[in-house]
Amino acid sequence: MYVAVKGGEQAIDAAHRLLDEERRGDRSLPQVTLDQIAEQLTLAVDRVMNEGSLYDRELASLAIKQARGDMIEAIFLIRATRTTLARFGYAEPLDTQSMRVKRRISAAFKDIPGGQILGPTFDYTHRLLDFSLAADAEPAEAARAPSELRSDMPRVLELLGSEGLMEQPSAEAGEPEDLTQDPLNFPAGRDLRLQNLARGDEGFLLALAYSTQRGYGRTHPFAGEIRLGTVEVSFTPEELGFPIVIGEITITECEMINQFKGSTTVKPQFTRGYGLGFGQCERKVMSMALVDRSLRAGELGEERVAPAQDEEFVLSHSDNVQATGFVEHLKLPHYVDFQSELVLLRRMRAEIDIAKDRLEAAE
Amino acid sequence: MRVLSLSDWRDLESYAKEVAGTPHDLLRAPETGLVMLRGRMGATGAAFNLGEATVTRCAVRLVDGTEGHAYVMGRNAAHARLAALCDALLQGKDSGTAVSEMVIAPLEAKLQAAHVETSTKAAATKVDFFTMVRGDD
Amino acid sequence: MTERGFLDVAMQSAHAFRAIMQAVARPGRVLELGSDLEAPDPLLSSAAAVALTLCDFQTPIWLAPELRNENVIHYLRFHAGAPVTDEPGKAQFLFAMAGETWPAPALLMQGTHEYPDRSATLVIQVAGFAPGDVVLSGPGILSSEPFGVAGLNTSFWAAMVENHARFPIGIDVIFAAPGLVAALPRATEIRLLESV
């Protein structure tokens, strides 16, 4: 039962003013600007864009500032904002083959056409705090090679595909389903699963991916190829009828190679998992690729035994805005619900006392 | 359209300064909305919906009736309007040549220079494997 | 050349939405629907306002032959972003003129019992309204509402009676006259008057 209670209005107003002041912090310091957040907390912005499911660096930066750096709150703000905007349509699928690569590595092959490009990575750093940053030291400019990278970087998994060692993704044409338009139903197709994982919580996917490596639904993965770079976005407006380039985005892509699958008609082949995300988000797309592969258990004839293979479990709990809504709603007033539990508990205890008294009287 | 959309707003504004004053009507005032971006499963397979992006569109009509369109990622109304105006002017014979030379060519050169910078910096991080010689002899 | 859509998109489409919503909520009541848009011939500006307010890239539009010309198609594509289809059975919105031909309501998208909203809306351009054809009753009508539309014959009303019989599935109808709008949702009961 819900009963309306009034009286919190002034307290709520004052709480919001206090929040504004706490957000501002020490007023003798300059405020952080959105440009500073967008340029210097880049990976935080990327995470908010991914899980907020909206590519807009400026809005994500504003959300981070408003949320005082609370990522899930910032993601919530972005999700709320996207509901206020009309949708013009669906873009053409991104062509990651034509990515302008900033980083591209393979853990499966040392010598790959185009080479191993490390790019701006935390890998191989010593994880020692750099106190020169505390002193605002300006870094040296990045080194430049005399020539550019080749523009048509071949795909590592296609090299295996040409030998027939790699399963080929099916390219059936139909319109993909869209979980922002229709409610999620099970069983979900791989298109819906990937959309769900792309906006899923990084921590949740990381933990699930880790669980598959520790034995809960093992898939024997190798990082076949990881790419970071920019791709152009094409969109076909109804009134023009032909695709036009409307901008460029940074994305990270991960293709995992997993252990074999064969049948009486097809010789054993490697299987694969796929991850794609906005900005630089390697941990996220690697986790996504591992979980994508685990969720293909049914399709590949594997027994579903682990949480990461259970699509209903994974897809229903991956969204941190839904999750935080349900967990955090517990702090809202439940006075009446709790009263009913209190009454019930008291009655149960009283009934035990009465029964005991009767028993004693009978003796 | 590609160059007009990809270019930085500040660059477009400075190169298109002279044409920005061309009289025109708004066929559709700048409007910000969303486009759903898509990826492909396993990079080359069937499409899936990845997430949305903000886009601003605008359409203009010149005095002679020529129409210009623009769709530009982000929420910059002025960028979409100026890009639509340039698109309309590009369709005219004389104005097309002028805008190509004054606006498109320098913007394209800037984009190209930025790509070279990114690519050569990335290329500097390419691993140059060598094998340590070992053995008894 | 493209006719201009709403000048002040946010305000004008909100006003139009309000008028259409009221019309559907009060079946048979004739409401004003004025707007500042230009509409290509022979599309009435009230019908154009319905299209630009309710249609988008996810709502395919079918146009009756009398309304179908390049200007109208281009106008709807440009302003609403809506695809124009040749197949009435695939359209979410259909635009037709009173007294001319259009596909039988039973052939249009009816929705399903799980999703009755996945159905078509038929927008009919009419010259005006004159009570006398039918008496309406049902949700949104206090007791009964006399209603009539210029240029519609008995067979139309008979089809609408059948349409109501299929409730909760079925189509909804919006009538657009110059500067005016009225609606006949599937939930409305229809009693034909003898004189028709």
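The values are calculated or read from the model by the stated rules, or taken from the named source; none is laboratory data. In this text the structure is predicted, and so the values were computed from the model without any measurement. So basically every Cβ, Gly included, is an ideal-geometry build from the backbone, and we count neighbours across all protein chains shown.
Would you confirm, using the coordinates I've provided, whether residue A:122 is in contact (Cβ under 8 Å) with a residue 40 or more places away in the chain, assigned to a loop (DSSP other than H, G, I, E, B) and more than 11 Å from chain B (Cβ to nearest Cβ)?
Numbers: in contact (Cβ under 8 Å) with a residue 40 or more places away in the chain: no; assigned to a loop (DSSP other than H, G, I, E, B): yes; more than 11 Å from chain B (Cβ to nearest Cβ): yes.
Judged against the criteria, residue A:122 is not a match.
Pick from B:111, B:89, B:50: which is facing another protein chain (nearest Cβ under 7 Å) and of a type outside the set (S, T, N, Q)?
B:50
Does the range A:221-232 contain at least one residue that is in the same structural domain as residue A:106 (by TED's automatic domain parsing) and under 30 Å from residue C:82 (Cα atoms)?
Yes, because at least one residue in the range A:221-232 is in the same structural domain as residue A:106 (by TED's automatic domain parsing) and under 30 Å from residue C:82 (Cα atoms).
Scan the range A:177-231 for residues that are polar (S, T, N, Q), farther than 19 Å from residue A:283 by Cα and more than 14 Å from chain B (Cβ to nearest Cβ) and report the count.
1
Please count how many residues of the range B:1-59 are in a strand (DSSP E or B), of a type outside the set (A, V, I, L, M, F, W, C) and within 21 Å of the chain's Cα centre (by Cα).
Selection size over the range B:1-59: 12.
Away from chain A (no Cβ under 13 Å) and free of Cβ contacts under 8 Å to residues at least 24 places away in the same chain - does that describe any residue in the range B:65-80?
Among the residues of the range B:65-80, at least one is away from chain A (no Cβ under 13 Å) and free of Cβ contacts under 8 Å to residues at least 24 places away in the same chain, which makes the answer yes.
Could you count how many residues in the range A:241-279 are in a loop (DSSP other than H, G, I, E, B), within 13 Å of another protein chain (Cβ to nearest Cβ) and either charged (D, E, K, R) or out of contact with any helix residue (DSSP H, G or I) (no Cβ under 9 Å at 6 or more places or on another chain) (or both)? I'd like the intermediate steps shown before the answer.
Start the filter on the range A:241-279 by keeping residues that are in a loop (DSSP other than H, G, I, E, B), which leaves A:241-243, A:262-268, A:279.
Add one more test, that the residue is within 13 Å of another protein chain (Cβ to nearest Cβ), and what stays is A:241-243, A:279.
If we keep only those that are either charged (D, E, K, R) or out of contact with any helix residue (DSSP H, G or I) (no Cβ under 9 Å at 6 or more places or on another chain) (or both) as well, we get A:242-243.
Number of matching residues: 2.
Quick one: is residue A:339 in contact with a Ser or Thr (Cβ under 7 Å, 6 or more places away or on another chain) and either surrounded by 10 or more Cβ atoms within 10 Å (Cβ to Cβ) or of a type in the set (A, V, I, L, M) (or both)? Let's see the steps before the verdict.
Working: in contact with a Ser or Thr (Cβ under 7 Å, 6 or more places away or on another chain): no; either surrounded by 10 or more Cβ atoms within 10 Å (Cβ to Cβ) or of a type in the set (A, V, I, L, M) (or both): yes.
No.
Failed condition for residue A:184, given (1) out of contact with any strand residue (DSSP E or B) (no Cβ under 9 Å at 6 or more places or on another chain); (2) buried (at least 24 other Cβ atoms within 10 Å of the Cβ), with all others met?
Checking residue A:184 against (1) out of contact with any strand residue (DSSP E or B) (no Cβ under 9 Å at 6 or more places or on another chain); (2) buried (at least 24 other Cβ atoms within 10 Å of the Cβ), the one that fails is (2).
Mind checking whether some residue in the range C:125-142 is surrounded by 16 or more Cβ atoms within 10 Å (Cβ to Cβ), within 14 Å of chain A (Cβ to nearest Cβ), touching a Phe, Trp or Tyr at 6+ places or on another chain (Cβ under 6 Å) and not acidic (Asp, Glu)? Please lay out each step first, then the result.
Step one: list which residues in the range C:125-142 are surrounded by 16 or more Cβ atoms within 10 Å (Cβ to Cβ), which gives C:125-126, C:129, C:133-138, C:140-141.
This time we only want the ones that are within 14 Å of chain A (Cβ to nearest Cβ), so: none.
No, that holds for no residue.
Would it be correct to say that residue A:97 is outside any loop (DSSP other than H, G, I, E, B), more than 18 Å from residue B:74 (Cβ to Cβ) and not small (Gly, Ala, Ser)?
For residue A:97, the condition - outside any loop (DSSP other than H, G, I, E, B), more than 18 Å from residue B:74 (Cβ to Cβ) and not small (Gly, Ala, Ser) - is met.
Would you mind finding the one in A:66, A:97 that is among the polar types (S, T, N, Q), in contact with a helix residue (DSSP H, G or I) (Cβ under 8 Å, 6 or more places away or on another chain) and more than 10 Å from chain B (Cβ to nearest Cβ)? Even if it seems obvious, please write down each step before you answer.
Numbers: A:97 fails: more than 10 Å from chain B (Cβ to nearest Cβ).
Being among the polar types (S, T, N, Q), in contact with a helix residue (DSSP H, G or I) (Cβ under 8 Å, 6 or more places away or on another chain) and more than 10 Å from chain B (Cβ to nearest Cβ) holds for just one of A:66, A:97, which is A:66.
Which of the following residues is surrounded by fewer than 14 Cβ atoms within 10 Å (Cβ to Cβ), over 25 Å from residue C:34 (Cα atoms) and in contact with a Leu (Cβ under 8 Å, 6 or more places away or on another chain): C:188, C:154?
Testing whether each residue is surrounded by fewer than 14 Cβ atoms within 10 Å (Cβ to Cβ), over 25 Å from residue C:34 (Cα atoms) and in contact with a Leu (Cβ under 8 Å, 6 or more places away or on another chain) leaves just C:154.
Suppose we filter C:190, C:124 for residues that are free of Cβ contacts under 8 Å to residues at least 60 places away in the same chain, closer than 17 Å to residue C:23 by Cα and touching a helix residue (DSSP H, G or I) at 6+ places or on another chain (Cβ under 8 Å); which single one remains? Explain how you work it out, then say what you get.
Values: C:124 fails: touching a helix residue (DSSP H, G or I) at 6+ places or on another chain (Cβ under 8 Å).
Checking each option against the conditions leaves just C:190.
Which of the residues belonging to the range C:125-172 are in a strand (DSSP E or B) and out of contact with any Gly (no Cβ under 6 Å at 6 or more places or on another chain)?
Filtering the range C:125-172 down to residues in a strand (DSSP E or B) leaves C:125, C:129-137, C:145-149, C:172.
Passing the criteria: C:125, C:129, C:134, C:135, C:137, C:146, C:149, C:172.
With respect to the numbered conditions (1) over 21 Å from the mean Cα position of the chain (by Cα); (2) within 12 Å of chain B (Cβ to nearest Cβ); (3) surrounded by fewer than 19 Cβ atoms within 10 Å (Cβ to Cβ), which one is the sole condition not fulfilled by residue A:24?
Among (1) over 21 Å from the mean Cα position of the chain (by Cα); (2) within 12 Å of chain B (Cβ to nearest Cβ); (3) surrounded by fewer than 19 Cβ atoms within 10 Å (Cβ to Cβ), the lone unmet condition for residue A:24 is (2).
Within the range C:35-43, identify whether any single residue is within 14 Å of chain A (Cβ to nearest Cβ) and buried (at least 17 other Cβ atoms within 10 Å of the Cβ), and answer yes or no.
yes
Which ones in the range C:54-81 are within 13 Å of chain A (Cβ to nearest Cβ), within 16 Å of the chain's Cα centre (by Cα) and not in a helix (DSSP H, G or I)?
Of everything in the range C:54-81, those that are within 13 Å of chain A (Cβ to nearest Cβ), within 16 Å of the chain's Cα centre (by Cα) and not in a helix (DSSP H, G or I) turn out to be C:55, C:56, C:59, C:60, C:61.
Quick one: in the range A:126-161, which of the residues that are among the polar types (S, T, N, Q) and within 13 Å of chain B (Cβ to nearest Cβ) is nearest to the chain's Cα centre (by Cα)?
That would be A:151.
Can you find even one residue in the range A:69-82 that is free of Cβ contacts under 8 Å to residues at least 24 places away in the same chain, within 14 Å of chain B (Cβ to nearest Cβ) and assigned to a strand (DSSP E or B)?
no
Would you check which residues across the range B:11-47 are more than 7 Å from every other protein chain (Cβ to nearest Cβ) and hydrophobic (A, V, I, L, M, F, W, C) and list them? Walk me through it before giving the result.
First, pick out the residues of the range B:11-47 that are more than 7 Å from every other protein chain (Cβ to nearest Cβ): B:11-26, B:30.
If the condition is that a residue be more than 7 Å from every other protein chain (Cβ to nearest Cβ) and hydrophobic (A, V, I, L, M, F, W, C), then B:12, B:16, B:19, B:20, B:26 are the ones that fit.
Based on this model, can you work out whether residue B:80 counts as modelled with pLDDT of 95 or more and within 26 Å of residue C:13 (Cα to Cα)? Outline the logic, then answer.
On the way: modelled with pLDDT of 95 or more: yes; within 26 Å of residue C:13 (Cα to Cα): yes.
Spelling it out, residue B:80 is indeed modelled with pLDDT of 95 or more and within 26 Å of residue C:13 (Cα to Cα).
Check A:233, A:285 and return the single one that is in contact with a Leu (Cβ under 8 Å, 6 or more places away or on another chain), part of a helix (DSSP H, G or I), among the β-branched types (Val, Ile, Thr) and surrounded by 22 or more Cβ atoms within 10 Å (Cβ to Cβ).
A:285
Scan (1) closer than 18 Å to residue B:115 by Cβ; (2) assigned to a loop (DSSP other than H, G, I, E, B); (3) more than 7 Å from chain B (Cβ to nearest Cβ); (4) in contact (Cβ under 8 Å) with a residue 12 or more places away in the chain for the single condition residue A:104 breaks and write down its number.
The failed condition is (2).
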